[in-house]
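> Here it is, the structure, as structure tokens.
The values are calculated or read from the model by the stated rules, or taken from the named source; none is laboratory data. It should be emphasised that the depicted structure is a prediction, and the values quoted were computed from it without experimental measurement. In this analysis, Cβ positions are derived from the backbone assuming ideal geometry, glycine residues included, and neighbour counts consider all displayed protein chains. Please note that ligands, DNA and RNA were not included when accessible areas were found on the heavy atoms of the full protein model with its side chains. Shrake-Rupley method; radii C 1.70, N 1.55, O 1.52, S 1.80 Å.
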Amino acid sequence: MAAFIQLFVSGLATGAIYALVAVGFMLLWQTSQTINFAQGEFVMIPAFFVLWAIKILGVGFWPAVGIAVLASLLILGLLFKRAIVDPMLKHGVLPLVISTIALSIFLKEAVKDFYSSQAQPFQAMIPSEDLHLFGAVISSQSIFILLIASAAVLGLNKLLNGTRLGRAMQATAQNPSVARILGIPVERMIMYTFLINALLVALASLMISPIYLAKFTNGDTLGLAAFIAAIVGGFNQVRGAIVGGLILGVIENLAAAYISAQYRGAIPLILLIVVILWRPQGLMGRAEERTV
Amino acid sequence: MMDFLTSRAFKGTVFALLMVGLIVLPFFLRPFGLLLIAMWMVHAVAALGLNLTLGYAGQISMAQGAFVGIGAYCTGLMTLAGVPYPIAFLCSGVLCFGIGWILGYPALRVQHHYLAFVTLAFSTLVFLIMRNEEWLTNGIYGLTDIPRPILFGWNTGKAQDFYFFTLLMTSILAFCVWWIIRSPWGRAFVALRENPVRALSLGVDTRRYTLMAFAMGSSIGGFAGALYAPLVQFFEPNSFSLTLSLKLLLMVIVGGAGTFFGPFIGAATEVLLPEWLRIAQGYYLIIYAMLVMILMMFCPTGIIGLGERFISHLRQKKISSERSAQAEAMGQDKAGNNGGAGQ
Amino acid sequence: MTPVLQVTNIRKQFGGLTAVDGVSFSVNEGEILGIIGPNGSGKSTLFNCVLGQLQPTEGEVRVDGELVTGLRPCDLNRLGVSRTFQLLQVFPQLSVRDNLILAGQEHKGSMGTRLLGARDAGLTEAANRMIEFFRLSHVADEKAGGLSYGQQKLLDAAMAFMAGPRLVLLDEPAGGVNLTMLSHLRERLQAINAEQNATFVVIEHNMEFVMALCDRIIVLAEGKVIAEGTPDAIRSNPEVIEAYLGH
Amino acid sequence: MDTEHTTVLALDNIVAGYGAMTILNGTTFKVRRATITTVIGPNGAGKSTVFKTIFGMLKARAGTITFDGTDITNTTPRHLLACGICYVPQGRNIFPELTVRHNLELGGFAAPSSINIDERIEAAMVRFPILRQKADAQASTLSGGQQKLLEIARGLLLDPKLILIDEPSIGLSPLMVQETFDILKNLRAKGVTILMVEQNAKSALQISDDGLVLELGRTRMAETAETLLNDPRVGQLFLGGAMEPTAA
């Protein structure tokens, strides 16, 4: 039982990170039909912004974190939308998919060639300690991640549902043409979702890099996890992505321990295929309304 | 001149020159150069298969690399066990045909990004099986010393011989793909891509064609794998990870999806250029990725599309210059007449 | 005589909304039947139910007396029932000729012969005749996407006739077509009707067009048939005018 | 023009369409202040397209649109809202996953900060009590008629001078249609101008001052509503063909 709790909590922590990444992924999809195949690399990059700032600018960890967040907003938010998504939207979904695949290669190679191909140790935001709960050993990191991720999700929820601006963003996602009729600056709302995504991936990066170490290939698994979480949870619901991420993290951890460590990665994939074929709208999603 | 650029005669000439070049080349190149060109051909075949599924029939697949892997393992394992190459080769294609057929079923239920994710998940699952099922695949150690075939007494063991063997097989497979594209099937595939509802109302059994598009594209991928195995003689699961599938997808789109020659050009940009562009060296992938993004921005129809646009641009220029010449001539005529009338 | 098409009591519900509410009609061989009605009266839904694009909630469809309800559109098409769509539905990347060959090829041979046999499935002749008949010769080798709207509409209609169907259902063939093209289209349809004794059902908003073309008209309103008769009878039917203008 | 009813909106030779298709071929008409004007015409006449063009959703290729004396051709919806025009399109245009209150609130998104949105929402709820009852429910739980009310209330939040309303009665029960029309009449009494497209031509004309008949993107008739109601040609127009002889 203790082992189970241990696995469950650490799975929940990883799942919380997946959830953040999936929420961002889904916001982009909802507001601008962008399927971001570079989402995993987006999580990998901010850690290197931090390392780069420490190495080149010689600043301390926390200032470097500030610089990294700013750089994420500018590059992964603003620049990504302006330079890649906007010019491509008129061409349809596939060219944009190809572009984001190319972007993921670009980011990966850029880190490999200009920083290092070796895994880099990355400072955790709080010191690591083991906590004892019901006989299970739980790392303070896990608890910290859960707290931060919950705070982020609550904050995002507050923004989206509790403010006029957030509701205008939701309106843009639900029905852009009516939003425009009401004078909502649709373009700016979409930009905000790109910035939110940049913040979410930066946060995820800061939390996951101390565990996995910062490495240029980190995006591979993270991106896949985000897609799976988004699809399993349902493409059209923020809470779907959260639930999807948590389920995924826990299942992955439990499967690795109780089923097969080697096929740890396979369980979520099978889950994905089953969900897509059985309930394409996701576990939490509503079926899209039929248009006749 | 412009009409010549799109004429059948021109295409024929280019094709003939290319073939002659490919036949003569081995006498001038070192084994590494030959290996590279053979690699290009194998990738082009795999991309040709994907082009059938994606470019013609419009069904997005991120699993073509997995089929190359299945084909390679099938041929590798069978020839290592002493089965004659031709049988192994055929088995690879048939096996991939069957698996591709099954993978086509999700396409009947979901489309676009959902289909992309299903095939992506499939691709990763295949990779995991290759890596974990050591009893069958030898796990991360991969397969080594895969024999090259001896056909009717022709030993293809040497680099040059195997190069010619690859060229022969590539030509045959390319011909088959060309045949499919030009047959009524090719037309039905395009109809399926452009408007499945209308196609269905015209009697096109879209269900069957969708499955066929997947099965055939996958089996061509399997054949590519069957060529890959004796070419490299050693491979391991990482050769067929998701990266290969994504690369093949890029090849098809970059070259020009839905065109016959697109995959050849796309494969060249991935396989040949990085080796030949000395300036780029290690930075090739970065530059390549940037070029792909720029290409998608300005010409999502790929390099072939870019070429077509260039030709039609030339033609427009020619027409407009002809028109202005004509207008000028007519203007002079009028002036002349007026002058005459004035007298 | 068995009617070519017999539709009995078709009903289609989407959630709580009844789009088609028990419609019955039949069409005899060689007849041109028009279906008119205000927006949202269920015409297109009715078509989709008859043609297997939608599964009707209730009711049955017979072609030549044979029950075909629920058959897939491609199977129905092979039985000789052809259709056009409200919005343009040609294949823009195929040439005009290839569009027409495609429209006929699935009626010839099997999957195997279509793969291994002749490239055009032996249909070039037929396609050329159709091109001539619809006066599209000058654009025969161009991609259909490059044609003018009216030409695409003609091609769209031509495709429906490639397989020599018994029955053709046309959904707003005149929508968005200019006047010259319109009379051309009407004349072509009447010619096919006269020459091949083909049977038509036409949904149309352009009243001049539909009144001139059809032998008989049924009027749909709120999913029900409210009137049926010759064009002249329909024109002077007060109920029909009311259906269009409201109460 | 009538002295007490000056022109508030004027379209002059508007050409517009989608892609290669031209729908409006030089549409010209005027709308008098504080009237209800109904646009009728057979399907495909370009009624909805006129609205989209006025509201800047579709580019006018030629011609000018004037509102209150200023040229508003091809401006943005945001600008038009500021000018005092609102548009209630055909079909269902609510945000299904937001609450009724939040749907209402978004009607005031473009408002200058001087306007107190909460007060306006309060006023809307006084006017339409059903919206208060359902204020915190998801808008998707409203019935079709209630959703239309919500849309109208949302459009009214900025106190527009001109309302463009497209097929308000579609899919509504007769009772609901009556209620909708009553709202429009009330608005007119307060000096608001209403331009409406309506399929239910007879009942729409009955509450209207003026009527416009559109055919193939051109204004075929511009008369008082009463004249149109009694004109047998109007009925014929919908059934085609018979208009020429009497018109000549």
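> Only strands (runs of 3 or more DSSP E) wholly contained in region C:133-247 count here; list those with 1 or more residues that are open to solvent by 60 Å² or more (accessible area, probe 1.4 Å).
In region C:133-247, C:224-229 are the strands (runs of 3 or more DSSP E) which contain 1 or more residues that are open to solvent by 60 Å² or more (accessible area, probe 1.4 Å).
> Tell me yes or no: at least one residue of region B:216-224 is at pLDDT 95 or above and among the hydroxyl-bearing types (Ser, Thr, Tyr).
Yes.
> Looking only at region C:26-49, how many residues end up being more than 12 Å from chain D (Cβ to nearest Cβ) and either among the hydrophobic types (A, V, I, L, M, F, W, C) or in contact with a Pro (Cβ under 7 Å, 6 or more places away or on another chain) (or both)?
Matching residues across region C:26-49 total 9.
> Every residue in region A:10-32 that is of a type in the set (Val, Ile, Thr), more than 9 Å from the chain's Cα centre (by Cα) and at pLDDT 90 or above, please.
A:THR14
> On to the next question. Can you report the number of residues in region C:56-69 which are free of Cβ contacts under 8 Å to residues at least 24 places away in the same chain and under 18 Å from the mean Cα position of the chain (by Cα)?
2
> OK, next. So, in region B:229-252, how many residues would count as being open to solvent by 10 Å² or more (accessible area, probe 1.4 Å) and within 11 Å of chain A (Cβ to nearest Cβ)?
The total comes to 5.
> If you scan region A:37-78, which residues turn out to be surrounded by fewer than 23 Cβ atoms within 10 Å (Cβ to Cβ) and either polar (S, T, N, Q) or not in a helix (DSSP H, G or I) (or both)?
Once the filter is applied, which keeps residues that are surrounded by fewer than 23 Cβ atoms within 10 Å (Cβ to Cβ) and either polar (S, T, N, Q) or not in a helix (DSSP H, G or I) (or both), region A:37-78 yields A:GLY58, A:VAL59, A:GLY60.
> Follow-up. Looking only at region A:233-273, count every residue that is open to solvent by 10 Å² or more (accessible area, probe 1.4 Å) and without any contact (Cβ under 8 Å) to a residue 40 or more places away in the chain and tell me the total.
The number of residues fulfilling the criteria is 11.
> So which residues in region C:2-25 are within 15 Å of the chain's Cα centre (by Cα) and not β-branched (Val, Ile, Thr), if there are any at all?
Matches in region C:2-25: C:LEU5 only.
> Hey, another quick one. Pick from region C:101-110 the residues that are within 8 Å of chain B (Cβ to nearest Cβ) and assigned to a helix (DSSP H, G or I): which of them is surrounded by the most Cβ atoms within 10 Å (Cβ to Cβ)?
So, considering only residues that are within 8 Å of chain B (Cβ to nearest Cβ) and assigned to a helix (DSSP H, G or I), the one surrounded by the most Cβ atoms within 10 Å (Cβ to Cβ) is C:ALA103.
> A further question on this structure: So D:ALA34 passes all but one of these: (1) touching a His at 6+ places or on another chain (Cβ under 7 Å); (2) open to solvent by 30 Å² or more (accessible area, probe 1.4 Å). Which condition number does it fail?
So D:ALA34 meets the others, but not (2).
> Looking at the structure I just gave you, is D:LEU58 crowded, with 21+ Cβ neighbours inside 10 Å and over 26 Å from D:ALA124 (Cα atoms)?
Judged against the criteria, D:LEU58 is not a match.
> With the checklist (1) within 14 Å of another protein chain (Cβ to nearest Cβ); (2) of a type outside the set (S, T, N, Q); (3) within 30 Å of D:LEU104 (Cβ to Cβ) in hand, flag the one item A:PHE194 doesn't pass.
(1) is the only condition that A:PHE194 fails.
> Can you list the strands (runs of 3 or more DSSP E) found entirely within region D:1-102 that contain at least 1 residues being modelled with pLDDT of 90 or more and more than 25 Å from D:SER169 (Cα to Cα)?
D:7-18, D:21-32, D:62-67
To keep it simple, each residue is scored yes or no on (1) of a type in the set (A, V, I, L, M, F, W, C); (2) more than 9 Å from every other protein chain (Cβ to nearest Cβ); (3) touching a Ser or Thr at 6+ places or on another chain (Cβ under 7 Å); (4) part of a loop (DSSP other than H, G, I, E, B).
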| residue | (1), (2), (3), (4) |
| --- | --- |
| D:ALA204 | yes, no, yes, no |
| D:LEU212 | yes, yes, yes, no |
| D:GLU223 | no, yes, no, no |
| D:LEU228 | yes, yes, no, no |
| D:ARG233 | no, yes, yes, no |
| D:PHE238 | yes, no, no, no |
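> Can you tell me how many residues within region C:31-41 are on the phi > 0 side of the Ramachandran plot and open to solvent by 10 Å² or more (accessible area, probe 1.4 Å)?
Number satisfying all stated conditions: 1.
> Could I ask something else about it? Looking at B:THR170, is it under 23 Å from B:SER61 (Cβ atoms), among the hydroxyl-bearing types (Ser, Thr, Tyr), under 22 Å from the mean Cα position of the chain (by Cα) and away from every other protein chain (no Cβ under 14 Å)?
Judged against the criteria, B:THR170 is a match.
> Return a yes/no flag: does region B:153-161 have any residue that is in the same structural domain as B:LEU54 (by TED's automatic domain parsing), in a helix (DSSP H, G or I), of a type outside the set (S, T, N, Q) and modelled with pLDDT of 90 or more.
Yes, some residue in region B:153-161 is in the same structural domain as B:LEU54 (by TED's automatic domain parsing), in a helix (DSSP H, G or I), of a type outside the set (S, T, N, Q) and modelled with pLDDT of 90 or more.
> I'd like the full set of residues that are of a type in the set (Val, Ile, Thr) and either surrounded by fewer than 19 Cβ atoms within 10 Å (Cβ to Cβ) or facing another protein chain (nearest Cβ under 8 Å) (or both), limited to region B:278-317.
B:ILE279, B:ILE286, B:ILE287, B:VAL292, B:ILE294, B:ILE311 - these are the residues of region B:278-317 that are of a type in the set (Val, Ile, Thr) and either surrounded by fewer than 19 Cβ atoms within 10 Å (Cβ to Cβ) or facing another protein chain (nearest Cβ under 8 Å) (or both).
> In this structure, does C:ALA127 turn out to be in contact (Cβ under 8 Å) with a residue 60 or more places away in the chain, surrounded by 14 or more Cβ atoms within 10 Å (Cβ to Cβ) and closer than 25 Å to B:TYR209 by Cα?
no
> Can you tell which of A:LYS90, A:LYS81 is open to solvent by less than 50 Å² (accessible area, probe 1.4 Å) and over 20 Å from B:TYR284 (Cβ atoms)?
A:LYS81
> Using the structure shown, decide if D:GLY145 is assigned to a helix (DSSP H, G or I) and modelled with pLDDT of 90 or more.
When the stated conditions are applied, D:GLY145 does not pass them.
> Assess whether A:MET207 counts as being touching a residue at least 60 places away in the same chain (Cβ under 8 Å), under 24 Å from D:SER113 (Cβ atoms) and open to solvent by less than 20 Å² (accessible area, probe 1.4 Å).
no
> Next question. What about B:ARG131, is it charged (D, E, K, R), within 14 Å of chain A (Cβ to nearest Cβ) and either part of a helix (DSSP H, G or I) or at negative phi (or both)?
Judged against the criteria, B:ARG131 is a match.
> Taking the condition open to solvent by 30 Å² or more (accessible area, probe 1.4 Å), within 9 Å of another protein chain (Cβ to nearest Cβ) and not β-branched (Val, Ile, Thr), does D:PHE109 pass?
yes
> Sort through C:VAL61, C:VAL23 and tell me the only one that's assigned to a strand (DSSP E or B), within 28 Å of C:ALA191 (Cα to Cα), in contact with a helix residue (DSSP H, G or I) (Cβ under 7 Å, 6 or more places away or on another chain) and more than 10 Å from every other protein chain (Cβ to nearest Cβ).
C:VAL61 is the lone residue from the list that is assigned to a strand (DSSP E or B), within 28 Å of C:ALA191 (Cα to Cα), in contact with a helix residue (DSSP H, G or I) (Cβ under 7 Å, 6 or more places away or on another chain) and more than 10 Å from every other protein chain (Cβ to nearest Cβ).
> Tell me which residues, restricted to region D:62-90, are at the interface with chain A (Cβ under 10 Å from one of its Cβ atoms) and either charged (D, E, K, R) or surrounded by fewer than 17 Cβ atoms within 10 Å (Cβ to Cβ) (or both).
Across region D:62-90, the qualifying residues are D:THR76, D:ARG78, D:HIS79, D:ALA82.
> If you go through region C:111-125 one residue at a time, do you hit one that is among the hydrophobic types (A, V, I, L, M, F, W, C), more than 8 Å from every other protein chain (Cβ to nearest Cβ) and part of a helix (DSSP H, G or I)?
Within region C:111-125, not a single residue is among the hydrophobic types (A, V, I, L, M, F, W, C), more than 8 Å from every other protein chain (Cβ to nearest Cβ) and part of a helix (DSSP H, G or I).
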